[in-house]
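*Asks:* Here's a structure for you.
The values are calculated or read from the model by the stated rules, or taken from the named source; none is laboratory data. Please read these numbers as outputs of a predicted model, since none were measured by experiment. Quick reminder, even Gly has a Cβ in these numbers, built from the backbone with ideal geometry, and neighbours come from all protein chains shown. Accessible surface is based on the protein model in full, side chains and every heavy atom, while ligands, DNA and RNA are left aside. Shrake-Rupley method; radii C 1.70, N 1.55, O 1.52, S 1.80 Å.
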Amino acid sequence: MTEPLDADALTARVGMLDDLARRSWSLVADHERALGRDPEAPASPSDTPGPRQRARELLDHVEGYLAPRARDLDAPLLVVLIGPTGSGKSTITNTLAGSLVSEPGVLRPTTRHAVVVAAPPDHAWATGADGPLAAIPAERLRHTSTGARPGIVLVDAPDIDSVEHDNRALADALLERSDLCLFVTTATRYADRVPWDVLARIAERGMPLLVVVNRMPPDASDQEHVLADVRAMLERAAIPVEVVLGIPEGALAADGPGLTGAAAASLTTRLDTLAADRDARRALAARALAGALAGIAPLATSIAADLETLAEDADRLRLRAVEDHAQELVLLLERVNGGDVLRGEVVAQWHSFVGADQVTRWFSSGIGRVRAALTTLVRGAPPAPVTAVERGVTDDLASLVVATADDAARRTADHWSADPDGMALLADHPALWAASPDLRERAALSLREWMASIASDVAATGATKRGVARGLSLGVNAGAVTIMLGVFAHTGGITGAEAGIAAATAYLNQKLMNALFGEAAVQEMIDHARDDLADRLRTLLDEERRRFDRLLPTVDTVRALSAELRAVA
Amino acid sequence: MTDASGLAAADVLLDRLVRAAEAATTLGLDPIPATEAAAVIRARGGFPGDLYVLALAGGTGVGKSSILNALAGDDLSDTGVQRPTTTHAVAWVPAAHADATGPLLDWLGGATVRLRPAADDAAPDPLAQVVLLDLPDLDSVAAEHAARVDAALPRVDAVAWVSDPEKYADSVLHDRYLARWASRLARQAFVLNKTDRVTSGDLPMLRDDVAARLAQEHLPSMPILPVSAHGDLDALRGWLADGVHARDVVRDRQGRAATAALADLARAAGTDGPLPPEPLLTADRRRAAIDATTAAVLDVVGLTGLRAQAIAATRQAARGQGGGLLARIRGLLDRGTGRPERLADPQGYLLRWRDRGSLVPATLPVRAAIAEGLAALPPAARGAAAATGDSDGLVTRLAAAVDRTVTGPAASAPLPTSRAWPLIGLGQVLATVALITGVAWIVAGFATGSQLPAAAIDLPILGGMPMPALLVLIGILGTWGLSWLLVRHADRLGGRWADRLAADLRTGVADAVDATALGSLGAWDAARRQLWQVARDVPAT
Ligand SMILES: Nc1nc2c(ncn2[C@@H]2O[C@H](COP(=O)(O)OP(=O)(O)O)[C@@H](O)[C@H]2O)c(=O)[nH]1
Ligand SMILES: Nc1nc2c(ncn2[C@@H]2O[C@H](COP(=O)(O)OP(=O)(O)O)[C@@H](O)[C@H]2O)c(=O)[nH]1
Ligand SMILES: [Mg+2]
Ligand SMILES: [Mg+2]
């Protein structure tokens, strides 16, 4: 496929890929930050590249290579020398430039920046706003035009495998931006694992590749053996390579900074030919672009898989939080419905109110009724302990909500900590091991709203039902309290004869409610109040749970992006 | 070092590791680093201690096999241009130890054994105590090679890290191997091979660069041995012959490995500082949490209610002995209703504390305090600390504490009585008699229609007053006054009794909260202190 896509289609595709690459990177980078890691910090070369490197590769590849190359197939070729430290990249660069342009050295690693050998206009293009090197920090590039071939930008990259992690990051970035790779390794190094990670990426990226095995043993059959072994390994790894060249050890030129002419002759000739032939350069550029476009698919697929894993992990953690909070909510609702909410004193106060003759007259009969009427005549109706009950409910129930949320948070945090990512996500958020500090206030507020809504329910019902006069003479709030207590104690079947002040209160309260509002209306109001309360408690716990959710990526976004990546691949 | 002290050292290490593993388990940390280190020490103790295994470890092609061959003066291990060459380890064993080393080498992952004949009789043999182990490479595409190295490194006694001018700054060597293993080894050296490939002018520079890098990695004292397998191996020979004893090598290595494992655990627990770890809660914070919890527990127990009950009960008792007729009648009537049982039964009221609410809110102050302390802990140590505030556990322990207190001696003390009450009772009888007499007198007067001799008595202000009326007045005032007196007195006594009991409950609950609610936090604090102690080798106090 030497003929590129038509220009418009190409521009559109690159634009779309650019968008995908940016979004993938920002998603992965955000997640890294949530895990307490700096997404920009260079990774150790001895670690196998992970999601972060892949997302970065795609971004570098699209912005640093596809975009500039798609704009102009005739722009200079970017040729990069990549390889392990001490393999002789600088020495070869010098040989190709014909003078000392990159410092070779005994100390490892020697090169900590990249040396760009390019004619001034080519250099201006490469580092310009639309050039492939635009995003590389200027201080990491040294430019020289000595020995430059017009039309070719030769870049001596730093190593890919030393303890200087920055070097690898720069080499990776340069690799993504180039048309042609000269991979330089040595007879000692050629089976090292780390460089093979890089070679695998070169192959995936569909980049034209030349492999140079430097510092070969002097013996000719040994040399042949090594080269054959290298070729076999490349074949096994399915890495297409234009040519594998050997350069023997000790072939340093006595007079110059590079290798003897003979040793590097074949390399020099190749470069000279390219420099001289504009069409050959264009053909190579077109080939590289085609390879690069084809190479998007495997990378995009891997990133899509990375994102799916990310979404699965997030789902798993989120589900834990949901389960833990749901379980605690069930316990809380059981407590609430079982009447485990009210302190005895509060119940006792209400009991002496509903048990008072002046109140029981609403529902008693016979002699009790006469007595009640008399007492009321003499003493008047007693005030309902509305505030005390309301305060008791807000206090006790709010505490219970806090304790529940606290348990749920601890369970979730505990479960998350069993997972390395979960532990990392929580590392900077120790507060997630407990309920939020303001939960009690929020719970109290919500409970007050709940009581207010019961009161308006009672007022509305009272306005339509026969109990108007009775209800109002007792006060809307007292009516509301009867309903509220009904929610907590309305367990049905409780009779006053059964032991316990709570049961007795529930019984009296039930009678009072029925007398005030009628049985059907009472049931309706209690059901309504109970549902409303359950909703409110659920909302409170949901808000608590969302603190955990916020640490996780939005899986829908992640999955959508993953699907888009698969679609372009 | 003698046998005895060598053995003692291993025992001490094992003891520290075992205690660290215990503490780690309490702290919810993975104890495996400690148990594994202990397992290695135990296993190594079963193999010969009078010789040590020195592994040659490094990247492929740096010349490990060539060095072994050069030392032996023989082709013991394959070398070649093909990378990687060495797949299986080769051990160069002093002939005298041939039999004893077999199991040791098997434990190290197996090796092809090459025997080294005893040196000429006269000269002391510098290698008499060393088994040299040529390992496969640690950096090639052959992952199984690195796996063999990884399996052997925790068990070998000493390591020569072999590298060359090309590979000495490799990430794999430094980031993967030195970073992990150098701190766990006592006898080790950095062998810079192939120095014949650099000019003699460059060599010192190279050496300095290696030294600088090692210093940067906190390994300033690691010897650097520039050698050439194809030439000068003196630096390595000299180091091998520097007179160490195998027993010391083995013991020091175990000491380092154990110390590193302990340090890792200490770091995970956040107890790696020079000072003993602070308890999770400061004394003030702890005090405040206990006070708040105690208050919340007493709120459920219901001290106000208790006081009311105590007063009611005392009143009842007082009325029984010193009440007037009416009071007695009321008492009799009340008896059937169950009211006294409910309202005037302080002990029963205490025992029924569970009916009055849940202890869950009472656990909040303790848990809030613990949660606050978590931020200072490393993430891995937070779970176990947070678990000490586990709601169910706390509630159960608090409930048990309350039960113990409400059934304790203070709560079962008898209700107060007074000797004044029967006297008041006598007064009540007299007053009642006066009342009845007065009323009877008046009734009789009306009935007979005649003027009974109703001697008028001259009172200071009221003037003359008929006797019957006076008796009625005395009766009413007396009954009322004496009842008033009785009730006040009973209230005082009952109130005081309740206050005493409340004070006892308060201290009882506070002590119980301190001892039980924060009990597992105490165990947690102790485990951290223990980990700190064993990691720093501080004798336990
Ligand atoms: N004898 C010899 N030395 C070489 C050869 N290639 C590189 N060197 C030396 O190896 C060292 C590292 O080379 P350098 O070009 O800096 O490697 P880079 O890290 O890949 O740039 C320098 O001292 C070079 O002189 C070679 O073919 N023969
Ligand atoms: N110039 C030179 N070559 C060496 C030296 N040591 C080993 N070699 C060569 O390096 C290659 C690899 O050696 P080898 O011992 O198999 O390395 P290993 O993989 O570490 O065991 C062989 O071709 C050796 O001849 C040395 O000191 N100087
Ligand atoms: Mg260089
Ligand atoms: Mg070898």
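*Asks:* How much accessible surface area, in Å² rounded to 10, belongs to the heavy atoms of residue B:41 with a 1.4 Å probe?
*Replies:* 10 Å²
*Asks:* Take the alpha carbon gyration tensor of the stretch A:173-323, find the square roots of its eigenvalues, order them as a ≥ b ≥ c, and report rounded if a/c is under 1.5; if not, report prolate when a/b exceeds b/c, else oblate. Write out the running numbers ahead of the final one.
*Replies:* Numbers: a/c = 3.03, a/b = 1.83, b/c = 1.66.
The shape class here is prolate.
*Asks:* Where both residues lie in the protein assembly as shown, what percent of DSSP beta bridges are antiparallel, nearest 5?
*Replies:* Restricted to the protein assembly as shown, the bridges split so that about 20 percent are antiparallel.
*Asks:* Among bridges DSSP assigns within the stretch B:50-231, what percent are antiparallel (round to 5)? Don't jump to the answer; show the numbers that get you there.
*Replies:* Details: 3 of 27 bridges.
Among the beta bridges of the stretch B:50-231, antiparallel pairing accounts for roughly 10 percent.
*Asks:* Shifting gears a bit: Rounding to the nearest 20 debye, state how big the charge dipole of the protein assembly as shown is about its Cα centre with +1 on each Lys and Arg Cβ and -1 on each Asp and Glu Cβ.
*Replies:* The calculation lands at about 6500 debye.
*Asks:* While we're here: What does the accessible area per residue of chain B come to in Å², with a 1.4 Å probe and no ligands, DNA or RNA counted? Intermediate values should be presented prior to the final figure.
*Replies:* Numbers: 24560 Å² over 541 residues.
Using a 1.4 Å probe on heavy atoms only, each residue of chain B averages 45 Å².
*Asks:* Provide the per residue accessible area, probe 1.4 Å, for chain A, rounded to a whole number of square angstrom. If you can, show how the numbers build up before the last one.
*Replies:* Working: 22930 Å² over 569 residues.
About 40 Å² of surface per residue is accessible.
*Asks:* Assign unit charges at the C-beta atoms only (+1 for Lys and Arg, -1 for Asp and Glu), then state the dipole size of the stretch B:130-215 relative to its Cα centre in Debye, rounded to the nearest 20. Mind dumping the intermediate values first?
*Replies:* Details: 11 positive and 14 negative charges, 69 e Å.
My answer is approximately 340 debye.
*Asks:* By its C-alpha gyration tensor, with a ≥ b ≥ c as the square roots of the eigenvalues, how is chain A shaped: rounded for a/c under 1.5, else prolate for a/b larger than b/c, else oblate?
*Replies:* Working: a/c = 4.78, a/b = 3.80, b/c = 1.26.
Judged from the Cα gyration tensor, chain A comes out prolate (a/c at least 1.5, a/b above b/c).
*Asks:* Based on a Kirkwood Rh over C-alpha pairs, give the Stokes-Einstein translational diffusion coefficient of chain B at 4 °C and viscosity 1.567 mPa s in µm²/s. Intermediate results must be reported in sequence, preceding the final value.
*Replies:* On the way: Rh = 31.3 Å.
In µm²/s, the coefficient is 41.
*Asks:* Continuing with the same structure: Which of the residues in the stretch A:406-431 lose at least 10 Å² of accessible area when you go from the chain alone to all protein chains together (probe 1.4 Å)?
*Replies:* Output list: A:406, A:407, A:410, A:414, A:423, A:427, A:430.
*Asks:* What is the mean projected area of the alpha carbon convex hull for the stretch A:7-306, to one decimal in square nanometres?
*Replies:* Details: hull surface 59.4 nm².
Mean projected area of the Cα convex hull: 14.8 nm².
*Asks:* Just the number, please: carbon plus sulfur as a percent of the accessible area of the stretch B:144-232, 1.4 Å probe, no ligands or DNA/RNA counted. It would help to have the intermediate numbers written out before the result.
*Replies:* Details: 1730 of 3360 Å².
Reported share for carbon and sulfur atoms: 51 percent.
*Asks:* Now, a different point. Of all the stretches in chain A, which is the longest one without any exposed loop site, taking GluC sites (Glu not before Pro) in a DSSP loop (any state but H, G, I, E, B) with at most 15 other Cβ atoms within 10 Å? Mind dumping the intermediate values first?
*Replies:* Details: sites that count: A:40, A:242, A:498.
No qualifying site falls inside A:243-497, the longest such stretch.
*Asks:* Of all DSSP beta bridges in chain A, what percent run antiparallel (nearest 5)?
*Replies:* If we restrict to bridges inside chain A, about 15 percent are antiparallel.
*Asks:* Cross-chain or 8 or more residues apart, Cα under 16 Å: how many lysine pairs in the protein assembly as shown fit that? Count them up, please.
*Replies:* On the way: A:89/B:167; B:64/B:167; B:64/B:194; B:167/B:194.
Going through the protein assembly as shown pair by pair, I get 4.
*Asks:* Roughly how many percent of the accessible protein surface of the stretch B:283-517 is carbon and sulfur, given a 1.4 Å probe and a whole-percent answer? Write down the numbers at each step before the final one.
*Replies:* Numbers: 7840 of 11880 Å².
With neighbouring chains kept in place, the figure for the stretch B:283-517 is 66 percent.
*Asks:* Can you give me the Kirkwood hydrodynamic radius for the stretch B:283-517, using every pair of distinct Cα atoms, in Å to one decimal?
*Replies:* 21.9 Å
*Asks:* Okay, moving on. Going by a 1.4 Å probe on protein heavy atoms, which residues of the stretch A:159-173 end up with at least 20 Å² less accessible surface in the whole assembly than in their chain alone?
*Replies:* Relative to the lone chain, where solvent access is computed with a 1.4 Å probe, the stretch A:159-173 loses at least 20 Å² at A:161, A:163.
*Asks:* Related question: Which one of B:117, B:420, B:146 has its Cα pushed farthest toward the positive end of the charge dipole of chain B, where Lys and Arg give +1 and Asp and Glu give -1 at the Cβ?
*Replies:* Of B:117, B:420, B:146, it is B:420.
*Asks:* With the cut-off at 1.5 for a/c, could you classify the protein assembly as shown from its C-alpha gyration tensor as rounded, prolate or oblate?
*Replies:* prolate
*Asks:* Turning to a different aspect of this structure: Using a 1.4 Å probe on protein heavy atoms, which residues of the stretch A:181-199 have at least 20 Å² less accessible area in the complex than alone?
*Replies:* Buried on complex formation: A:188, A:189, A:190, A:191, A:192, A:193.
*Asks:* Taking all protein chains in place and a 1.4 Å probe, what share, in percent, of the accessible surface of chain A do carbon and sulfur account for?
*Replies:* The value for chain A is 55 percent carbon and sulfur by accessible area.
*Asks:* Taking θ = phi - 60°, what integer Hz values does the Karplus form 6.51 cos²θ - 1.76 cosθ + 1.60 yield along the stretch B:135-147, in sequence order, with x for Gly and Pro?
*Replies:* Going residue by residue, I get 8, x, 6, 10, 9, 8, 5, 6, 4, 5, 5, 4, 4 Hz, with x marking Gly and Pro.
*Asks:* Just to be sure I follow: if Rg is taken over the C-alpha atoms of the stretch A:395-459 and Rh is the Kirkwood radius over the same atoms, what is Rg/Rh?
*Replies:* 1.21
*Asks:* Related question: Counting only other residues whose beta carbon sits under 14 Å from that of residue A:37, what net charge do I get with K and R as +1, D and E as -1?
*Replies:* Working: positive: A:33, A:52, A:56; negative: A:30, A:32, A:38, A:40, A:47, A:421, A:428.
In short, -4.
*Asks:* Total accessible area buried between chains B and A, 1.4 Å probe, in Å² to the nearest 100?
*Replies:* Numbers: alone 26710 and 25070 Å², together 47490 Å².
For chain B against chain A, roughly 4300 Å² becomes buried.
*Asks:* Please express the Cα-Cα pair-distance distribution P(r) of the stretch B:50-231 as a list of whole percents, one per 5 Å bin, running from 0 to the bin with the greatest distance.
*Replies:* In order of increasing distance, the bins hold 1, 8, 17, 21, 20, 17, 10, 4, 1, 0 percent.
*Asks:* What angle, in degrees between 0 and 90 and rounded to the nearest 10, separates the Cα long axis of helix A:165-176 from the longest principal axis of the Cα atoms of chain A?
*Replies:* Tilt of helix A:165-176: around 70 degrees.
*Asks:* Could you state, as a whole-number percent, how many of the C-alpha pairs of the stretch A:257-317 are farther apart than 15 Å? Spell out each step's value before the answer.
*Replies:* On the way: 1298 of 1830 pairs.
Here the tail beyond 15 Å accounts for 71 percent of pairs.
*Asks:* Counting residues in the stretch B:208-275 as N, plug N into 2.2 N^0.38 Å and put the Cα Rg over that result. Please list the in-between numbers first.
*Replies:* On the way: Rg = 16.9 Å, N = 68, 2.2 N^0.38 = 10.9 Å.
Its radius of gyration relative to the 2.2 N^0.38 Å reference: 1.54.
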